[in-house]
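Q: Structure provided below as structure tokens; questions to follow.
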Amino acid sequence: MPPSTSSPVRWLLGGGAVRGRRDRPGAGAGPRPGDAARVAAELVAAGHRVELLHVPGPGQRPGDGTAHLAALLADALLADALPAGSCRVVLPAGDPAAEGLPAGVGVVLTGPGEPVDRQVAGTPGAVAAVRAADPDAEARCRALAGGRVRLGTGGGAAADRTAARCLAVLMAGSGEPGVATTDPRLVAVAGERAAWNDRAHHTWEYVMPWRAAIEQQRRLVAAGHRVRVAVPWGAGVRGGLRHRGGRS
């Protein structure tokens, strides 16, 4: 099933509540691909990497407009306005757009484990989204530890314990893990597991939602960590930037 359009930020984090008075669940960059591309450029200029999720409006499907967005990002990469590897898009497993993304634009594949893992195996550079709250999370992390995994946390105490075990597996592997959380405890666990395995900062990353845990994001970036910012966009988001004219 596609993610709930009523709370895309919650979905991006794997189901857990986003804490902090500045959190704005449902807020996004704006309705158009150009809005998402502009926010991505601003975040990259501030030292972040970016993950962009399309939230559909009435009559749309998840991923509508993503091909246009990917083309805008690819143009920026070619013009050296964005560094390679700085931006990726989120798509459900099975979406044909995942197979035709321009060079330099990454993809995170979401959905049930089997189709995600199968498509990741056939798509170089693709990231598998794994939710710690899912019953097969730890087994999937063990199977995928040599590749790229974005671990979504949240879902209660049991999911937090699973997330900690998954982080131990992923940080000990040869892949490039990401941990999607704003929970200070899991932020610390990720850092400890990385240090235990002598991981350099550039071999893994945190993923945090746009406009949430701002000070925490700044501290991590200042300490040399990679922080990728997850930005919802599309007609289904609320409180996005006002479109300032022009076609995108």
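Q: Condition first: farther than 17 Å from Gly94 by Cα and either within 14 Å of the chain's Cα centre (by Cα) or open to solvent by less than 50 Å² (accessible area, probe 1.4 Å) (or both). Now tell me which residues in the stretch 57-69 satisfy that.
A: Gly57, Leu69
Q: In the list Glu114, Glu205, Glu99, which residue meets the criterion of being within 22 Å of Thr66 (Cα to Cα) and among the charged types (D, E, K, R)? Outline the logic, then answer.
A: Details: Glu114 fails: within 22 Å of Thr66 (Cα to Cα); Glu205 fails: within 22 Å of Thr66 (Cα to Cα).
Step by step, each of Glu114, Glu205, Glu99 is checked, and only Glu99 is within 22 Å of Thr66 (Cα to Cα) and among the charged types (D, E, K, R).
Q: Have a look at Ala223, Ala172, Ala188 and point out the one that is out of contact with any Gly (no Cβ under 7 Å at 6 or more places or on another chain), open to solvent by 60 Å² or more (accessible area, probe 1.4 Å) and farther than 21 Å from Ala128 by Cβ.
A: Working: Ala172 fails: farther than 21 Å from Ala128 by Cβ; Ala188 fails: open to solvent by 60 Å² or more (accessible area, probe 1.4 Å).
When all the criteria are applied, what remains is Ala223.
Q: If you don't mind, there's one more thing I want to ask. Do the conditions hold for Val237, that is, is it crowded, with 17+ Cβ neighbours inside 10 Å and at pLDDT 95 or above? Working first, answer last.
A: Values: crowded, with 17+ Cβ neighbours inside 10 Å: yes; at pLDDT 95 or above: no.
Considered against the rule, which asks whether it is crowded, with 17+ Cβ neighbours inside 10 Å and at pLDDT 95 or above, Val237 comes out as no.
Q: Within the stretch 130-149, can you find the residues that are within 22 Å of Ser86 (Cα to Cα) and either in contact with a His (Cβ under 9 Å, 6 or more places away or on another chain) or open to solvent by less than 10 Å² (accessible area, probe 1.4 Å) (or both)?
A: Val130, Val149
Q: Looking at (1) part of a helix (DSSP H, G or I); (2) modelled with pLDDT under 90; (3) open to solvent by 40 Å² or more (accessible area, probe 1.4 Å), which is the only condition Leu72 fails?
A: It fails just one condition, (2).
Q: Can I ask one more? Would you pick out the residues in the stretch 79-89 that are among the hydrophobic types (A, V, I, L, M, F, W, C), in contact (Cβ under 8 Å) with a residue 12 or more places away in the chain and either open to solvent by 40 Å² or more (accessible area, probe 1.4 Å) or part of a helix (DSSP H, G or I) (or both)?
A: Once the filter is applied, which keeps residues that are among the hydrophobic types (A, V, I, L, M, F, W, C), in contact (Cβ under 8 Å) with a residue 12 or more places away in the chain and either open to solvent by 40 Å² or more (accessible area, probe 1.4 Å) or part of a helix (DSSP H, G or I) (or both), the stretch 79-89 yields Ala81, Ala84.
Q: Of everything in the stretch 74-100, what is within 21 Å of Gly178 (Cα to Cα) and not charged (D, E, K, R)? Give them in sequence order.
A: Kept after step one, since they are within 21 Å of Gly178 (Cα to Cα), are these residues of the stretch 74-100: 82-93, 98.
Result: Leu82, Pro83, Ala84, Gly85, Ser86, Cys87, Val89, Val90, Leu91, Pro92, Ala93, Ala98.
Q: Within the stretch 201-220, track down each residue that is among the hydrophobic types (A, V, I, L, M, F, W, C) and surrounded by 15 or more Cβ atoms within 10 Å (Cβ to Cβ).
A: Across the stretch 201-220, the qualifying residues are Trp204, Val207, Met208, Trp210, Ala212, Ala213, Leu220.
Q: Checking the condition basic (Lys, Arg), out of contact with any Cys (no Cβ under 6 Å at 6 or more places or on another chain) and crowded, with 21+ Cβ neighbours inside 10 Å, which residue from Arg161, Arg193, Arg165 passes? First the steps, then the outcome.
A: Values: Arg161 fails: crowded, with 21+ Cβ neighbours inside 10 Å; Arg165 fails: crowded, with 21+ Cβ neighbours inside 10 Å.
One residue alone meets the criteria, Arg193.
Q: Among the residues of the stretch 90-123, which ones are hydrophobic (A, V, I, L, M, F, W, C) and either assigned to a strand (DSSP E or B) or open to solvent by less than 40 Å² (accessible area, probe 1.4 Å) (or both)? Let's see the steps before the verdict.
A: First, the residues of the stretch 90-123 that are hydrophobic (A, V, I, L, M, F, W, C): 90-91, 93, 97-98, 101, 103, 105, 107-109, 116, 120-121.
Those that are hydrophobic (A, V, I, L, M, F, W, C) and either assigned to a strand (DSSP E or B) or open to solvent by less than 40 Å² (accessible area, probe 1.4 Å) (or both): Val90, Leu91, Ala93, Ala97, Ala98, Leu101, Val105, Val107, Val108, Leu109, Val116, Val120.
The values are calculated or read from the model by the stated rules, or taken from the named source; none is laboratory data. Small disclaimer: the values here were computed from a predicted structure and weren't measured. Glycine gets a Cβ as well: all are built from the backbone with ideal geometry, and neighbour counts include every protein chain shown. Accessible surface areas use protein heavy atoms only, side chains included; no ligands, DNA or RNA. Shrake-Rupley method; radii C 1.70, N 1.55, O 1.52, S 1.80 Å.
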